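Since the structure comes first, as structure tokens, the remarks are kept for the end.
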Amino acid sequence: GLPCAQATDAIDASAPSHVQQAVPQARVLGHGSFRWFGLKIYDAVLWSGPRGLSGTLPSDRPFALDLRYARNLPGKKISDASSEQIQKLGMGTAEQRMRWQQDMHKLFPDVQEGTQLTGVYVPAAGVRFYLDGKLLGMIDDPQFADAFFAIWLSEKTTAPQLRQALLG
């Protein structure tokens, strides 16, 4: 399983198998928690290959972002929140954002406390999503991949502390 974000030895932890397959020699780049008005929503772990990330998106290196939820949330709420963040970042056209939101609605499941959702960045291809290590599906759109991961990795993110924690 995945180490809990608070674990002091999380950095030595080996990646779950679905992450290892997507990100060769995966290691924890950083981890942190996302809170909304003091309530913990999820713990996040960013996995990268041995060379880390290439800095900005689009990236030529695969990486994975693993979210372990701390509460029950409907999938629609997760996709709507993701969509809203992408819009705040000014990424994609209105038409693209509408399509991306529909794609996320179809893919994102309702989550319970302890559920893990993993997004794997596939360079020049899109995002592969996993639910508790099982493949949910892929959104084949490199621009979506850049916009989706920008939610956490962009300098314009609405969660700058989490971004710093993830980027180590």
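The values are calculated or read from the model by the stated rules, or taken from the named source; none is laboratory data. Small disclaimer: the values here were computed from a predicted structure and weren't measured. Note that we place each Cβ from the backbone using ideal geometry, even for glycine, and neighbour counts take in every protein chain shown. Just the protein is used for accessible areas: all its heavy atoms, side chains included, with ligands, DNA and RNA removed. Shrake-Rupley method; radii C 1.70, N 1.55, O 1.52, S 1.80 Å.
The table below lists the values:
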quantity	calculated
Residue-averaged 222 nm ellipticity for the chain, from DSSP H runs of 4+ at -39500 (n - 2.57), nearest 500	-9500 deg cm²/dmol
E95 - accessible surface, heavy atoms, 1.4 Å probe, Å² rounded to 10	130 Å²
Separation of alpha-carbon centers, the stretch 76-150 and the stretch 35-60, rounded to whole Å	14 Å
Sulfur and carbon atoms: percent of accessible area, the chain [1.4 Å]	51 percent
At 0.890 mPa s and 25 °C, Stokes diffusion of the stretch 74-122 via Kirkwood alpha-carbon radius, µm² per second	213 µm²/s
Cβ-based charge dipole, the chain, positive-most Cα from S33, Q101, P123	S33
Quarter of Cα convex hull surface for the chain, i.e. mean projection, nm²	8.6 nm²
Among the listed pairs K76/K106; K88/K156; K40/K134; K77/K134, those beyond 19 Å (Cα-Cα)	K40/K134; K77/K134
Radius 11 Å from Cβ of S54, net charge of other residues (Lys, Arg +1; Asp, Glu -1)	+1
Given charges at beta-carbon only (K, R positive; D, E negative), |dipole| of the stretch 88-168 in Debye	140 debye
Accessible area in the full protein assembly, largest first, 1.4 Å probe, for H18, H105, H31	H105, H31, H18
The stretch 22-135, accessible area per residue, ligands and nucleic acids excluded (1.4 Å, Å²)	50 Å²
Accessible surface of S33 - all protein chains present, 1.4 Å probe, nearest 10 Å²	40 Å²
Relative contact order [Cα under 8 Å, 6+ residues apart], the chain, whole percent	21 percent
